[in-house]
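Here is the structure we will look at, set down as C-alpha cells.
The values are calculated or read from the model by the stated rules, or taken from the named source; none is laboratory data. Just so it is clear, the model here is predicted, and its values are computed rather than measured. Note: ideal-geometry Cβ built from the backbone for every residue, glycine included; neighbour counts use all protein chains shown.
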Amino acid sequence: MPAVWRRLRSFFSRSANLASSPRIAIVALIVDDWERRVLTGVSAREPWDVLLVESCDDACAVSNQRTAPVVVFDRDWPDTEWRSAVQKLASSPHRPCVILMSRVADDYLSDELFHQGGYEVLPKPLRAEDVIRVVKLALSYWNSAAQAALARR
C-alpha cells in the first residue's frame, strides 16, 4: 500500500476515534469559585470533562495521564509565577494548548504567553461564550497539530 494511502487511512481512523470519544479532558487551575462554575457549567453543554486541580504539579500529572489537549491556567494562581507554570504545562509530551486566564488581555500579554509556549489568553471574568470559542479553537488546533505529527512519522 502506498505511503499516501496509509497516511489517509491513519488520518481517517484517528478522526473516527476522536469522533467516537465521548468526552474530552480539560484540566483547569482556577482560583475563583464563580469562574470554576462557569467552566464546569459550559462542560455540561459540551463534550468536555473539566478536571479541576489544586496545583501546577497536579495539572501536569493529570494532563499527562489523561492526554488532555487543553489546560486552563489562572494567572492569579497563588504562589506561582505564570510564565514558568505555562512553560511546564506546555512542555508535556502531548503538547497541550495552555490557555491563560487573565484580567489583562492585550497584545503584549498574548505575545509573552506565546513565547512561553502558551496558546491563548482568556479574559476574566469568564463568559461562557468566550470559554466555548477559545476552547473549541484550541481543540481544533491541537487535533491539527496531532494529525501533522502523525503524518510526519
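Please go through the range 76-90 and pick out each residue that is exposed (fewer than 13 other Cβ atoms within 10 Å of the Cβ) and part of a loop (DSSP other than H, G, I, E, B).
Residues of the range 76-90 that are exposed (fewer than 13 other Cβ atoms within 10 Å of the Cβ), as a first pass: 78-79, 81, 84.
If the condition is that a residue be exposed (fewer than 13 other Cβ atoms within 10 Å of the Cβ) and part of a loop (DSSP other than H, G, I, E, B), then PRO78, ASP79, GLU81 are the ones that fit.
Residues in the range 103-133 that are surrounded by fewer than 18 Cβ atoms within 10 Å (Cβ to Cβ), outside any loop (DSSP other than H, G, I, E, B) and not charged (D, E, K, R): TYR108, LEU109, SER110, PHE114, HIS115, PRO123, ALA128, ILE132. When LEU100 is tested against (1) free of Cβ contacts under 8 Å to residues at least 60 places away in the same chain; (2) outside any strand (DSSP E or B); (3) farther than 17 Å from THR67 by Cα; (4) among the hydrophobic types (A, V, I, L, M, F, W, C), exactly one condition is not met: (2).
Checked against (1) assigned to a helix (DSSP H, G or I); (2) surrounded by fewer than 16 Cβ atoms within 10 Å (Cβ to Cβ); (3) touching a helix residue (DSSP H, G or I) at 6+ places or on another chain (Cβ under 8 Å), ASP49 passes all but a single condition, namely (1).
Within the range 69-95, residues that are on the phi < 0 side of the Ramachandran plot have Cβ atoms under 9 Å from residues that are assigned to a strand (DSSP E or B) and among the charged types (D, E, K, R) in these pairs: TRP82/ASP74, counting only partners at least 6 apart in sequence or on another chain.
State which residue is nearest to the chain's Cα centre (by Cα) when the search covers only the range 91-102 and only residues that are surrounded by 15 or more Cβ atoms within 10 Å (Cβ to Cβ) and among the hydroxyl-bearing types (Ser, Thr, Tyr). It comes out as SER92.
Return a yes/no flag: does the range 134-142 have any residue that is of a type in the set (Gly, Ala, Ser), modelled with pLDDT of 95 or more, touching a Leu at 6+ places or on another chain (Cβ under 7 Å) and assigned to a helix (DSSP H, G or I).
Pass one, the range 134-142, residues of a type in the set (Gly, Ala, Ser): 138, 140.
This time we only want the ones that are modelled with pLDDT of 95 or more, so: 138, 140.
The next check asks that each one be touching a Leu at 6+ places or on another chain (Cβ under 7 Å); those that pass are none.
No, the range 134-142 contains no residue that is of a type in the set (Gly, Ala, Ser), modelled with pLDDT of 95 or more, touching a Leu at 6+ places or on another chain (Cβ under 7 Å) and assigned to a helix (DSSP H, G or I).
Take LYS136 and tell me if it is within 16 Å of ALA28 (Cα to Cα), loosely packed, with under 14 Cβ neighbours inside 10 Å and out of contact with any Ser or Thr (no Cβ under 9 Å at 6 or more places or on another chain).
On the way: within 16 Å of ALA28 (Cα to Cα): yes; loosely packed, with under 14 Cβ neighbours inside 10 Å: yes; out of contact with any Ser or Thr (no Cβ under 9 Å at 6 or more places or on another chain): yes.
Taking the combined requirement at face value, the residue satisfies it.
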